[in-house]
């Protein structure tokens, strides 16, 4: 299966170490060695995490001679946040309609509609 | 967890488990909020997007019951159906949810009604699916064209980044 771009971003961020790396890169570019320093893992393991982040489009490597610092593609993160925000707005609109419905309902309403109650007692009427 | 909060509706997209959680408070007691979820005449007034006509095929909100409804727009129809697995008045609804355009996928939804006192209720709606790809597709299926544009823009950004 070839996951869509957004799924790759979510999958890349499913790992706590990678999330932490993204958070640190948000503060500025860093080399692989700098990124590896706080973790008790090998450079190879960090490189593997970076490859997942790179494949998801979340980070890039600049061609700065030997240092080749890792750069966070903040725009991709922004898009994901916007995507969640759109979903939130959709839910908010739905719940504002629910607000209106609730405001129009009588106060002493039964939690289950009468028709349902009759259905539950079918055979008695 | 990635949480975005503005005004009242809070969305949580879990990054370890393929679920989406929505939390929202209402100025009505749990009995009323629950009724608005179980009475088909009330459900049609808020559940579907405003620009789409919502037609209920059946809506039998009780433990062991089922539902099916259709959203219609411009001659196109989008069907949704599922089963009510557990329905406890003013407390809890556990149901499945399938978009008939993707009939093999099913979301497990848990809608909890928490009494906050003073005639207020916290609604916590959790949708769980079996893969992240399905979760993202699910979220997208409930949304408008903005999502497609979002995906397209994301594609562009990613394509540019790969170059």
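The values are calculated or read from the model by the stated rules, or taken from the named source; none is laboratory data. Since the structure is predicted, the reported quantities are computational estimates derived from the model, not experimental observations. Every residue, glycine as well, gets a Cβ built from its backbone with ideal geometry; the counts of neighbours run over all protein chains shown.
Brief remarks follow.
- The stretch B:7-18 residues that are facing another protein chain (nearest Cβ under 7 Å) and farther than 29 Å from residue A:99 by Cβ, paired with ones that are assigned to a loop (DSSP other than H, G, I, E, B) and at pLDDT 75 or above (beta carbon under 7 Å, 6 or more apart): B:15/A:13
- Residue in the stretch B:135-157 that is part of a strand (DSSP E or B) and either within 30 Å of residue A:74 (Cβ to Cβ) or modelled with pLDDT of 80 or more (or both) present: no
- Of all residues in the stretch B:19-35, those satisfying the criterion of being within 20 Å of residue B:90 (Cβ to Cβ), within 9 Å of chain A (Cβ to nearest Cβ) and outside any helix (DSSP H, G or I) are B:22, B:24, B:26, B:27, B:28, B:29.
- From A:29, A:15, A:40, A:55, residue being closer than 24 Å to residue B:14 by Cα and more than 14 Å from the chain's Cα centre (by Cα): A:55
- Per the conditions (1) more than 8 Å from chain B (Cβ to nearest Cβ); (2) at pLDDT 85 or above; (3) surrounded by fewer than 19 Cβ atoms within 10 Å (Cβ to Cβ), the sole criterion not satisfied by residue A:70 is (3).
- Set side by side, the residues B:87, B:94 differ, and just one is more than 21 Å from residue A:97 (Cα to Cα), touching a strand residue (DSSP E or B) at 6+ places or on another chain (Cβ under 6 Å) and facing chain A (nearest Cβ under 9 Å), which is B:87.
- In this structure, residue A:52 does satisfy being touching a helix residue (DSSP H, G or I) at 6+ places or on another chain (Cβ under 8 Å), within 14 Å of another protein chain (Cβ to nearest Cβ) and surrounded by fewer than 20 Cβ atoms within 10 Å (Cβ to Cβ).
- If you go through the stretch B:91-110 and keep only what is modelled with pLDDT under 95, touching a helix residue (DSSP H, G or I) at 6+ places or on another chain (Cβ under 9 Å) and closer than 17 Å to residue B:60 by Cα, you end up with just B:97.
- Condition check for residue B:38: surrounded by fewer than 14 Cβ atoms within 10 Å (Cβ to Cβ), farther than 16 Å from residue A:100 by Cβ, at pLDDT 90 or above and within 14 Å of chain A (Cβ to nearest Cβ): no
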